[in-house]
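Worksheet: the structure to be examined is printed underneath.
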Amino acid sequence: MSRVTMSVGKPASKPESGLYDDIEAAWIEQRPDLDLAAACTLLRLERASLLHEIRLQEISKTVGLQTGELYVLLALRRSGKPYELRPTDLFRALLVTSGAMTKRVARLQEGGFVLRVSANDDGRSELVRLTAKGLATADRGITEIARVVASVTEASGLTKAELATLDKCLRKLLTVKATKKAGHPVAG
């Protein structure tokens, strides 16, 4: 089993973190009438998310999968024994279309990571089940994710209390759903 040898390093250097400070300062200067502090925080969050996605792509490559495929294996793994779910449950859990899920499952089946099996309660439907290879790959992937996240957390200097506060704040943000009409969010 190869390990991801990605460099987590120290927190972002001044130039990158300074970029967001510069954006915020420019808006304060140009539009002092607007409170854009939360918008600037969301820009930083967007960048942190992108960096996390890059790390996940590297981990996925290491285990021989695309990121979306690893997500499928992880969803099946966290479902518990016998590590199986209906395709509908998978695409809803992973927030992708049924077509995207069909393609992912087909690639995973071709690679020997999953099997399609009949559902016991309904012969007309099927389940997607991890194989031994899929289980081992999911475990390698989640172990590596945990290692990388721990390394990033340590390098950032975030405390457990800070992470708990961040999590609480993000949960609040996620209760607000986007709408087609800009400026009119709907609490969800």
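Derivation of every value follows stated rules applied to the coordinates shown; laboratory data play no part. Keep in mind it's a predicted model, so treat the numbers as computed, not measured. Every residue, glycine among them, receives a Cβ derived from its backbone with ideal geometry; neighbour counts consider all protein chains shown.
Below, the figures for the structure above:
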quantity	calculated
Size of segment 94-178 as Cα extents on the principal axes (Å, biggest first)	49, 33, 23
Within-13-Å neighbourhood charge of Leu174 [Cβ basis; K, R +1; D, E -1]	+3
Cross-link reach list, aspartates and glutamates versus Lys172, counting only Cα pairs under 16 Å and skipping chain neighbours closer than eight places	Glu162
Charge dipole (debye, nearest 20) of segment 33-188; +1 at Cβ of Lys and Arg, -1 at Cβ of Asp and Glu	260
Rounded to whole Hz, the Karplus (6.51, -1.76, 1.60) HN-Hα couplings of segment 80-87, x for glycine and proline	x, 4, x, 6, 9, 8, 6, x
At R0 = 30 Å, FRET efficiency that the Cβ-Cβ distance of Glu58 and Ala26 yields, to 0.05	0.35
Cβ-based net charge around Val114, under 14 Å, with every Lys or Arg adding one and every Asp or Glu removing one	+3
Using a Förster distance of 25 Å, the FRET efficiency for Arg86-Lys177 (Cβ separation, nearest 0.05)	0.50
Under 13 Å, Cβ to Cβ, from Ala75 - net charge with Lys/Arg +1 and Asp/Glu -1	+3
Whole-number percent relative contact order across segment 56-155, with pairs defined as alpha carbons under 8 Å at least 6 apart	31
